[in-house]
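The values are calculated or read from the model by the stated rules, or taken from the named source; none is laboratory data. Fair warning: this is a prediction, and the values are worked out from it, not measured in the lab. Heads up, the Cβs are rebuilt from the backbone with ideal geometry, glycines too, and the neighbour counts pull from every protein chain shown. Ligands, DNA and RNA are excluded from the accessible area calculation, which covers all protein heavy atoms including side chains. Shrake-Rupley method; radii C 1.70, N 1.55, O 1.52, S 1.80 Å.
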Amino acid sequence: MSRTLCLAYTGLPLIALMAIAGCERAANVGRTPDLTAPKESADYAAMTNPPLFIPPGPATPDAGASLWAGSQNSLVRDRRASARGDIVTVVIQIDDRAEMQNTSGRSRSASDNVGIDALAGLPQRLDPMLPEGASLADLASAKAQSSYKGSGNISRRDKLTVRVAATVLETLPNGVLRIEGSQEVRVNYELRELTVGGFVRPQDIDRHNEVAYDRIAGARISYGGRGQITDVQQPRYGQQVADIVLPW
């Protein structure tokens with residue numbers, strides 16, 4: 001198979017992918033970004049499919065006279081999320097700053113001189129035969145010098161303050177809760193998306209049914225968006241492909 005035909009076959013999927021992406025972008029011209037339907041999320045599935053309830057055992061006569069009740073309307077019930085389908089508020093307050101500065105230097109100098117002053121009288125006999133000014137006493141001379149200096153500086157600042165409600169998707173065998181939540185806000189033609197997920201210990205949830213983001217193990221927090229502003233900030237698909245393919 002010729003090289004031209006091979007390039008044509010390998011380029012067809014890429015062209016088709018770019019065409020599909022272009023059609024998708026063209027479909028949103030003059031339209032606001034579509035919101036994700038709540039019923040399509042894992043939160044809705046967790047709320048509508050609670051875990052199988054297994055009665056602890058036969059009721060005793062004194063159960064009816066007890067002040068404690070586990071129902072949702074009980075005044076003494078723990079309001080913190082603890083089971084599949086419960087909602088917990090995640091408080092995200094990220095204010096991280098990192099600064100790194102490194103400086104390194106290296107210097108080396110070397111000098112070598114090689115000469116033959118006496119070797120059974122041969123240097124004295126050979127010196128007259130050499131060009132004028134040449135002598136075996138200064139047979140070879142070499143000098144070397146190298147110098148290196150490098151410096152680097154990194155400065156980064158991340159700040160994000162937001163609150164989002166997450167849903168308990170499941171309770172792991174060790175009692176840890178797996179949570180996941182999302183939030184979408186549309187302003188004009190720009191849609192901002194916030195997603196959070198991870199694993200939370202029930203004891204890390206405070207009495208206000210809130211948990212800090214730094215208490216979430218394996219936290220996955222994403223804050224972005226889609227719409228006209230985000231579209232302008234992204235390079236075109238052709239440019240992205242060219243940056244990957246071109247070696248310069």
Provide a single number: the residues in the range 159-179 that are within 19 Å of the chain's Cα centre (by Cα) and open to solvent by 70 Å² or more (accessible area, probe 1.4 Å). 2
Residue in the range 72-97 that is nearest to the chain's Cα centre (by Cα), counting only those that are at pLDDT below 85 and open to solvent by less than 60 Å² (accessible area, probe 1.4 Å): Arg77
Can Gly150 be described as touching a residue at least 12 places away in the same chain (Cβ under 8 Å), at positive phi and small (Gly, Ala, Ser)? no
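For Gln203, are the conditions met, namely being open to solvent by 100 Å² or more (accessible area, probe 1.4 Å) and polar (S, T, N, Q)?
yes
Residue by residue, here is whether (1) over 21 Å from Asp95 (Cα atoms); (2) in a helix (DSSP H, G or I); (3) aliphatic (A, V, I, L, M) holds:
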{"residue": "Ile179", "(1), (2), (3)": "yes, no, yes"}
{"residue": "Leu191", "(1), (2), (3)": "yes, no, yes"}
{"residue": "Leu194", "(1), (2), (3)": "no, no, yes"}
{"residue": "Arg207", "(1), (2), (3)": "yes, no, no"}
Pull up the range 214-243, narrow it to residues that are farther than 17 Å from Glu193 by Cα and modelled with pLDDT of 85 or more, then point me to the one that is most open to solvent (accessible area, probe 1.4 Å). Arg215
Hey, Arg31 on the phi < 0 side of the Ramachandran plot, at pLDDT 65 or above, assigned to a loop (DSSP other than H, G, I, E, B) and surrounded by 11 or more Cβ atoms within 10 Å (Cβ to Cβ) or not: no
